[in-house]
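The structure appears right after this line, and notes come after that.
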Amino acid sequence: MMKKEIITLTIAGNDSDGSAGMTADLHSFYARQVYGMGLLTAAVAGNTTGIYAQEVMPVSFIQKQFDVLNDDFKIAALKTGMLANKEVIACVAANLRKYDMGKIVLDPVIMTKHGDTLLDDDAYQAFLDDLMPLADIITPNFYEQQKLTGMQLDTKEEIHRGAEKLQKMGAKNVLMKGRHDNAAQSEVTDILLAEDGQFYEFTKPFINTERINGTGDTLSAVIAAELAKGRSIIASVQTAKDFTYEAIAHPIEVGSKYGPINHFAAQEDTK
Ligand SMILES: Nc1ncnc2c1ncn2[C@@H]1O[C@H](COP(=O)(O)OP(=O)(O)OP(=O)(O)O)[C@@H](O)[C@H]1O
Ligand SMILES: Cc1ncc(CO)c(N)n1
């Protein structure tokens, strides 16, 4: 009998160097053995030194991609990445309300690690009002946590309060990714506030490297892939954390500066 594939979708921008955005998502889906589809919102001209130009897809074209995918496929889970502006957010939110596309992982992509902006300043409110209430899980990094909560979150207590604020805005589960900007730190801990109100911690050793382009995309893509298989939030986050760690721990030589992570090694080393 023919095997029925599990379909996982990324709604994201493409980064031309393959390190981040839709390409990293599709590498991750492949490595976790789900069938990946890509609904393109934008494209950036980037390499390992930075991003040099961006184009946003017309909303009518984004709408068409939603319609044709939903005409033909049953999607088990999706993740969002670069959404660029409030018009794209409105379109994505309307379609996530219209169509049942399975579990929703919201990765609030605002800025790259190297300071390039991927979401307009006037789009945060639409993100909070229209997308947060639809999320099964949201995965902000340290910078995005401050932007979305409007709070300064330095201590563990403050991070807990910030996660509770985001959960009150509608996200069922909130994964607050840990800081990794201190060369002397020994670990990176991500904190999950789960739907049941409990906090869970996911800790791995800190790796002191600049080759970490696409870590956030990879983490959220693996969460989506595992949720698509029907696994729990906690099991999905654990696999995503392990996978991303292995991908950082086995550097590959691509480009001259801020390199990508290694999805091949992670595929072999993650259960
Ligand atoms: N240097 C590191 N050592 C160990 N783990 C790391 C390191 N950097 C990131 N991680 C882990 O990678 C995952 C992604 O977190 P990160 O904060 O890098 O996301 P991000 O900033 O959204 O990434 P992106 O550049 O894709 O936007 C988290 O689980 C985090 O703990
Ligand atoms: C399109 C795109 N999405 C996300 C990132 C980083 O998160 C990037 N560099 N490019």
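Find how many whole Å separate the alpha carbon centroid of the range 133-156 from the alpha carbon centroid of the range 215-271.
First find each Cα centre; the distance between them is then 21 Å.
Using alpha carbons only, how many angstrom separate the centre of the range 37-56 from the centre of the range 79-103?
The range 37-56 and the range 79-103 have Cα centres separated by 18 Å.
Could you report the accessible area of residue 51 in Å², rounded to 10, computed with a 1.4 Å probe on the protein chains as they sit in the structure?
Looks like 30 Å² after rounding.
Only bridges with both residues in the chain count here: give the DSSP antiparallel percent, nearest 5.
Restricted to the chain, the bridges split so that about 45 percent are antiparallel.
Based on DSSP H runs of at least 4 residues, each adding -39500 (n - 2.57), what is the mean residue ellipticity at 222 nm of the chain after dividing by all its residues, to the nearest 500 deg cm²/dmol?
When only DSSP H runs of four or more count, the value is -11000 deg cm²/dmol.
Only Cα pairs under 8 Å and at least 6 apart count here; give the relative contact order of the chain as a rounded whole percent. Mind showing how you got there, number by number?
Working: 552 pairs, mean separation 51.0, N = 271.
With pairs under 8 Å counted, the relative contact order is 19 percent.
Run the numbers on the range 1-135 and let me know its relative contact order in percent, using alpha-carbon pairs under 8 Å that are six or more apart.
Values: 235 pairs, mean separation 31.0, N = 135.
Rounded, it is 23 percent for the range 1-135.
What is the dipole size for the range 1-107, taken about its Cα centre, with +1 at each Lys and Arg Cβ and -1 at each Asp and Glu Cβ, in debye to the nearest 20? Write out the running numbers ahead of the final one.
Values: 10 positive and 11 negative charges, 83 e Å.
Dipole size: approximately 400 debye.
Quick one: what are the phi-derived ³J(HN,Hα) couplings along the range 99-110, Karplus 6.51/-1.76/1.60 with θ = phi - 60°, whole Hz, x for glycine and proline?
So the J values, rounded to whole Hz, are 10, 8, 10, x, 5, 10, 9, 9, 9, x, 5, 10.
Any idea of the accessible area per residue across the chain, 1.4 Å probe, to the nearest Å²?
45
Pull up all non-local amide H partners of residue 118: gap of 5 or more, or a different chain, and H-to-H distance under 5 Å with H placed in the peptide plane.
111, 112
Where both residues lie in the range 67-151, what percent of DSSP beta bridges are antiparallel, nearest 5?
10
Taking a probe of 1.4 angstrom, what is the accessible area of residue 165 in Å², to the nearest 10?
The value for residue 165 is about 80 Å².
Tell me which lysines have Cα within less than 21 Å of residue 74's Cα, excluding those fewer than 8 residues away on the same chain?
The reachable lysines, counting only those whose Cα sits under 21 Å from residue 74, are 3, 4, 64, 98, 103, 229.
Could you tally the net charge around residue 121, taking each other residue with its Cβ under 13 Å from the Cβ of residue 121, Lys/Arg +1 and Asp/Glu -1?
Cβ neighbours under 13 Å give a net charge of 0.
Take every DSSP beta bridge whose two residues both sit in the range 1-80, then give the antiparallel share in percent to the nearest 5.
Of the beta bridges lying entirely in the range 1-80, close to 35 percent run antiparallel.
The values are calculated or read from the model by the stated rules, or taken from the named source; none is laboratory data. This structure is a prediction, so every number in the text was calculated from the model and none was measured. Backbone-built Cβ (ideal geometry, glycine too); neighbour counts: all protein chains shown. Accessible surface is based on the protein model in full, side chains and every heavy atom, while ligands, DNA and RNA are left aside. Shrake-Rupley method; radii C 1.70, N 1.55, O 1.52, S 1.80 Å.
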